[in-house]
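Trainee: Got a structure for you, written out below as structure tokens; questions coming shortly.
The values are calculated or read from the model by the stated rules, or taken from the named source; none is laboratory data. Remember, it's a predicted structure, so these values are computed and weren't measured experimentally. Glycine gets a Cβ as well: all are built from the backbone with ideal geometry, and neighbour counts include every protein chain shown.
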Amino acid sequence: MKRPMFFFGRGPVALFAVVFLFVGPAFAQNQQPASNSDHPWMNTALSPDQRADLVIQQMTLDEKIALLHGVGMPTDEPVTPENAASNRGVGYAVGVPRLGIPGIDMSDAAYGVRSSGVNGRYSTALPANVAAAASWDVDAAYQYGALIGHELRAQGYNMSLGGGVDITRDPRNGRTFEYLGEDPVLAGTLVAQLIKGTQSAHVIGDIKHYAFNDQESGRDSVNIHISKRAARESDLLAFEIGVTKGHPAAVMCSYNRVNGDYSCENKWLLTDVLKDDWKFPGFVLSDWGGTHSTVKASHAGLDNEEPGDFYYSAKFKAAVESGEISQAELDEHVHRILRSMFAAGVIDHPRQRFVVDPFKGFEIARKEEEGGIVLLKNEKKALPLNASSIHSIAVIGAHSDVGMISGGGSAQVDPIEGNAIMPPDKGATHWMEEIWFPTSPLKAIKARTPQANVTYDPGTDPAAAAEAAKKADVAIVFAYRWASEAMDMPNLSLPHHQDEIIAAVAKANPHTIVVLETGNPVTMPWVAAPAAILEAWFGGSDGADAVANILFGSVNPSGKLPNTFPLSEADLPHPHLTTPPPASQRFPESATAEQRHAGLPPFDVHYDEGAMVGYKWYEAKHKPVLFPFGFGLSYTTFAYSGLKVSDGDMVKASFTVANTGGREGKEIAEVYAMLPSAAGEPYKRLVGFTKIPLASKEKKTVTVDIDRKYLSIFDEQKNGWSLLPGDYTILVGGSSQDTPLKATISLK
């Protein structure tokens, strides 16, 4: 989300012990709510809208303007009168202390609170958002958001900059790990729960990056071309579900252009769709440096400029005084911000720092990771490992002796004591560098096999790695691909010759297990060789214990892929990533401040695939894949039967799932639909899902409600959703390519 306008690096995070120094008084005196008699808007019996209107009546023009912009990035700037009350996060908008309105203190919080190191604080790193998507678990998504909200409040923040939901149009996108997969129903459903969890802690939650921030290459200059129908049925459907079901207080608009206009001054996106169609009552803030005008942006529906005040301070005031921006338009911006503050509870529940329980954070992170790990291959039941019968294990690669990789950019959470691989500056974390959390797979494996000889090889030389594997009963290769904001992957291959390492180890030892630490799908030229493959994503603060629990069977894997793993980049809708021409890559040194803020020349990317994103594309184009969307194995087996489909306000699919294996497990049942031929969609759509815990030999009948919108097309002529009359085929099963149950229902 953040462009590195200033240096983002900072020194190592303090030890746990330092955290306890911050217990005590309220965050700031001006955060205390005023009495109702002095300030009638403090009456909680009134609605957020009524309370906002009462405040606005008492505000001066300058106070209104001050609420519409940030005052820079306190993390990287000296203390000033404007930012002195901030918590040194990445953004701060001053409040109105005389009226009891606090400032808005913002922190990045994709998979944990980012701005903790600067405060000497501890934050839990949850597994990457894509791992939360791989759990397909709405309750877990809520807990994911709730932990982030809780720790934001603990550090003194009252706004989260998380909630990423751009769908995976291109799996090379460097921010794929921050998002929730390729399907809008899955991504939108989960982000809604994540937002609810975050806002349960009385912090402002947001959803981002609105919209079509589907590549990082040239993100400041790319102009996305897409039809309205395709937009509404794909990326925007994920946002629609997140906004209407999660009720975020804020929406962050993205850097890119959409059909000619920047997202943050795009009237169709911000007003026509978001505020008018979806009835979004909250406020829109720009991504950092994503504002490019005053009057146009205001008219389009941008409410708040971040992180600074180039367009929404003096220029905005002048536009109001000249009449270019009406008083009513100004008041609407202010109203949306204030009502969101009241609705989220940041005024009624002032910030107060408190101590986070790091052990509870570790437990939640571990459970989230356990639910999101995907077992991709398990030949001859190679997993789970039997610790009592193993005499030797070779652990190989990916710094697995000391840690596990995390995702970079503005999502980056500072690890305890800094980078686990200890670079020359003793563990300091820096912008756009690989950061490793001190969660050691080697130690976790040793703890579960005290009688075995467990050795480590760095996995940098194929011959040495193969020799280490040859001497062991089992070889476990950890492989990784780092990803970050502000970059895309040049391909989907593993870097650093890791494909060669895996192939050599698997050839030397038939009992080879591969554990992938990635945020994106990867290609696997060696896929036939190892006995088992786990996708562990970016595992978070306690990823090693989660992986070990899966490997040794104390936890049964239940995750399924939220993104298709293609065979190669040649099978993607855009085999060659469109990158900006030189003129659109960066500004010349001679560029003025006005030129830089106005933006780079656009270059065009056409989403001709339309709504055919991910599995829909591969199905429509008859392309085989490495692993399909929704795929994931278990240590037990499941069977489906008895599908019945009924119509009503909701279409309902009822069916029975049985655990036919010898141990407990959780099955993710996926419900798809094929629309009538008039829809022109030669592919199925995900329209519902549920995660079902089952004991051995237990069976349950479940009902999945299907929103009729998920069965509809977006009619551009009517500018609305239409359910086409005809026969709909409902399919149910364990992945997008495994749907044993089928039924047809006629709808009109």
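Trainee: Filter segment 46-63 down to residues that are surrounded by fewer than 17 Cβ atoms within 10 Å (Cβ to Cβ) and within 33 Å of the chain's Cα centre (by Cα) and give me whichever is farthest from residue 282 (Cα to Cα).
Mentor: Across segment 46-63, the extreme among qualifying residues is 47.
Trainee: Look through segment 74-86, keep the residues that are of a type outside the set (Ser, Thr, Tyr) and at pLDDT 90 or above, and return whichever of them is surrounded by the most Cβ atoms within 10 Å (Cβ to Cβ).
Mentor: Per the stated criteria, the residue is 74.
Trainee: Still on this structure, please answer the following. Being closer than 22 Å to residue 137 by Cα, surrounded by fewer than 19 Cβ atoms within 10 Å (Cβ to Cβ) and of a type in the set (D, E, K, R) narrows it down to one residue among 647, 707, 727; which is it?
Mentor: On the way: 647 fails: closer than 22 Å to residue 137 by Cα; 727 fails: closer than 22 Å to residue 137 by Cα.
Result: 707 is the single residue among 647, 707, 727 that is closer than 22 Å to residue 137 by Cα, surrounded by fewer than 19 Cβ atoms within 10 Å (Cβ to Cβ) and of a type in the set (D, E, K, R).
Trainee: Now, a different point. So in segment 302-330, with the set limited to residues that are touching a residue at least 40 places away in the same chain (Cβ under 8 Å) and hydrophobic (A, V, I, L, M, F, W, C), which one is surrounded by the most Cβ atoms within 10 Å (Cβ to Cβ)?
Mentor: Only one residue fits best here, namely 302.
Trainee: Right, another one. If only one of 403, 372, 408, 361 is small (Gly, Ala, Ser) and within 28 Å of residue 735 (Cβ to Cβ), which one is it? Show your work before the answer.
Mentor: On the way: 403 fails: within 28 Å of residue 735 (Cβ to Cβ); 408 fails: within 28 Å of residue 735 (Cβ to Cβ); 361 fails: within 28 Å of residue 735 (Cβ to Cβ).
Testing whether each residue is small (Gly, Ala, Ser) and within 28 Å of residue 735 (Cβ to Cβ) leaves just 372.
Trainee: Next question, about the same structure. Test each condition in (1) within 16 Å of residue 542 (Cα to Cα); (2) of a type outside the set (D, E, K, R); (3) at pLDDT 95 or above; (4) surrounded by 21 or more Cβ atoms within 10 Å (Cβ to Cβ) for residue 415 and report the one that comes out false.
Mentor: With respect to (1) within 16 Å of residue 542 (Cα to Cα); (2) of a type outside the set (D, E, K, R); (3) at pLDDT 95 or above; (4) surrounded by 21 or more Cβ atoms within 10 Å (Cβ to Cβ), residue 415 is out only on (3).
Trainee: Please give the helices (runs of 4 or more DSSP H) falling wholly within segment 146-249 in which 1 or more residues are buried (at least 24 other Cβ atoms within 10 Å of the Cβ), in contact (Cβ under 8 Å) with a residue 40 or more places away in the chain and in contact with a Pro (Cβ under 6 Å, 6 or more places away or on another chain).
Mentor: Where helices (runs of 4 or more DSSP H) fall fully within segment 146-249 and carry at least 1 residues being buried (at least 24 other Cβ atoms within 10 Å of the Cβ), in contact (Cβ under 8 Å) with a residue 40 or more places away in the chain and in contact with a Pro (Cβ under 6 Å, 6 or more places away or on another chain), they are 184-199, 235-246.
Trainee: When you scan segment 86-103, do you find a residue that is part of a loop (DSSP other than H, G, I, E, B), in contact (Cβ under 8 Å) with a residue 24 or more places away in the chain, closer than 29 Å to residue 522 by Cβ and of a type outside the set (A, V, I, L, M), even just one?
Mentor: no
Trainee: Do the conditions hold for residue 600, that is, is it at pLDDT 95 or above and part of a strand (DSSP E or B)? Let's see the steps before the verdict.
Mentor: Numbers: at pLDDT 95 or above: yes; part of a strand (DSSP E or B): no.
No.
Trainee: Name the strands (runs of 3 or more DSSP E) wholly within segment 631-743 that hold at least 2 residues that are within 16 Å of residue 186 (Cα to Cα) and touching a helix residue (DSSP H, G or I) at 6+ places or on another chain (Cβ under 9 Å)? So that I can check it myself, show each step before the final result.
Mentor: Values: elements: 638-646, 651-659, 665-674, 685-694, 699-706, 713-715, 720-722, 726-733.
Where strands (runs of 3 or more DSSP E) fall fully within segment 631-743 and carry at least 2 residues being within 16 Å of residue 186 (Cα to Cα) and touching a helix residue (DSSP H, G or I) at 6+ places or on another chain (Cβ under 9 Å), they are 665-674, 685-694.
Trainee: On to the next question. Run down 284, 320, 355 and say which single residue is under 30 Å from residue 123 (Cβ atoms) and either more than 22 Å from the chain's Cα centre (by Cα) or in the same structural domain as residue 410 (by TED's automatic domain parsing) (or both).
Mentor: So the residue among 284, 320, 355 that is under 30 Å from residue 123 (Cβ atoms) and either more than 22 Å from the chain's Cα centre (by Cα) or in the same structural domain as residue 410 (by TED's automatic domain parsing) (or both) is 355.
Trainee: Hey, could you check segment 311-348 for residues that are of a type in the set (Gly, Ala, Ser) and assigned to a loop (DSSP other than H, G, I, E, B) and say which is nearest to residue 251 (Cα to Cα)? Steps first, please.
Mentor: Restricting attention to segment 311-348, the residues satisfying the condition of being of a type in the set (Gly, Ala, Ser) are 313-314, 318-319, 322-323, 326, 328, 340, 343-345.
Going one step further and asking which of them are assigned to a loop (DSSP other than H, G, I, E, B), we end up with 313, 323, 326, 345.
Numbers: 313: 20, 323: 27, 326: 23, 345: 17 Å.
It comes out as 345.
Trainee: Those residues that are closer than 24 Å to residue 339 by Cβ and in contact (Cβ under 8 Å) with a residue 60 or more places away in the chain, I need them from segment 67-85; list them, please.
Mentor: Within segment 67-85, 67, 68, 69, 70, 71 qualify.
Trainee: Next question. Please indicate, with yes or no, whether at least one residue in segment 486-501 is in a loop (DSSP other than H, G, I, E, B), in the same structural domain as residue 544 (by TED's automatic domain parsing) and under 14 Å from residue 399 (Cβ atoms). Outline the logic, then answer.
Mentor: Of the residues in segment 486-501, the ones in a loop (DSSP other than H, G, I, E, B) are 486-487, 489-497.
Narrowing further to those that are in the same structural domain as residue 544 (by TED's automatic domain parsing): 486-487, 489-497.
The next check asks that each one be under 14 Å from residue 399 (Cβ atoms); those that pass are 495-496.
Checked segment 486-501: at least one residue is in a loop (DSSP other than H, G, I, E, B), in the same structural domain as residue 544 (by TED's automatic domain parsing) and under 14 Å from residue 399 (Cβ atoms).
Trainee: From the list 396, 405, 421, 435, exactly one residue is crowded, with 24+ Cβ neighbours inside 10 Å and without any contact (Cβ under 8 Å) to a residue 40 or more places away in the chain. Which is it? Break it down stepwise before answering.
Mentor: On the way: 396 fails: without any contact (Cβ under 8 Å) to a residue 40 or more places away in the chain; 405 fails: without any contact (Cβ under 8 Å) to a residue 40 or more places away in the chain; 421 fails: crowded, with 24+ Cβ neighbours inside 10 Å.
Just a single option satisfies the conditions, and that option is 435.
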